[in-house]
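Contents: one structure, followed by commentary.
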Amino acid sequence: MELAYYSDYAVRLVNTEEPVRGTDTLTSVEAVRDLFGGNRSAARRATEADVTRFRSVRARLRSVFEAANGGDETLAVDLLNSLLLEFPVSPQISGHDFRDDDGRPLWHMHLADHPSNATAGYAAIAAMGLAFHLTEYGVDRLGLCEAAPCRNAYLDTSTNRSRRYCSDRCATRANVAAYRARKRLEADRSESTGRADLSSQTSSASGDRRAVERGR
């Protein structure tokens, strides 16, 4: 099953908003339709009412990532299960138009949604994809970017579970910020040491002058 493809539905929706920055790109029917990517038939079902509904699902999906990122596995699973119950899907075997060398379809599992509206269809696939990812790789593979103020959602597919940022750009920005912070700390320590040495030298010089004056 195309786990990465389906779970990416959840990531794309969550990342239409950056709460810390106060930005939100999910403001129109066109924005909703763009989230479906190449699935144009599903995108065409979207209406103005789906903008508000998509935002509601987005908040619930972000809560799953926040719980997972905070180490609360049970809460993350409970939140995701509530979405799965509300937005069910039917697994189906599909071959599309792809053929192997023998002329046979390349069969694979497909998530078929039966939505009453565009939001229900999208939410069903996003929740199921995220559930597959969670059970296959672990709750700790659902993360939120550590490069403040980003906090975008991401799925950690690294071999050593080391991912901390949503993109290379955020990783670079965080590394640069950490480097500059270290340099400032080193400069502050050097300045503090310099002041201490100067104070010590001044005290020593004053003591020498007093000793000379007493010896006269």
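The values are calculated or read from the model by the stated rules, or taken from the named source; none is laboratory data. Predicted model only: the values in this text are computed from it and were never measured. Don't worry about glycine lacking a Cβ; one is built from the backbone with ideal geometry, like all the others, and counts go over all protein chains shown. SASA here: full protein model, heavy atoms, side chains in, ligands and nucleic acids out. Shrake-Rupley method; radii C 1.70, N 1.55, O 1.52, S 1.80 Å.
List of remarks:
- To the nearest 10, the accessible area of R151 is 80 Å² with a 1.4 Å probe.
- Normalised Debye scattering of the range 26-102 at q = 0.21, 0.23, 0.27 Å⁻¹ gives log10 I(q)/I(0) of -1.02, -1.08, -1.17, counting only Cα atoms as equal scatterers and leaving out solvent.
- Each part gets one Cα centre, and for the range 114-146 versus the range 1-40 those centres are 12 Å apart.
- Put M109, M128 in order of accessible area, highest first, and with a 1.4 Å probe you get M109, M128.
- Descending principal axes extents, the range 34-155, alpha-carbon based, whole Å: 50, 36, 29
- Sparsely packed chymotrypsin sites (Phe, Trp or Tyr not before Pro) within the range 50-129, loop by DSSP, other Cβ within 10 Å at most 12: F98, W107
- Label-point separation, A59 to K183 (7 Å along Cα→Cβ), nm: 4.3 nm
- Where only C-alpha atoms are counted, convex hull volume of the range 35-79 per residue in Å³: 84 Å³
- Computed from the Cβ-Cβ distance with R0 of 35 Å, the FRET efficiency linking A171 to A112 stands at 0.40.
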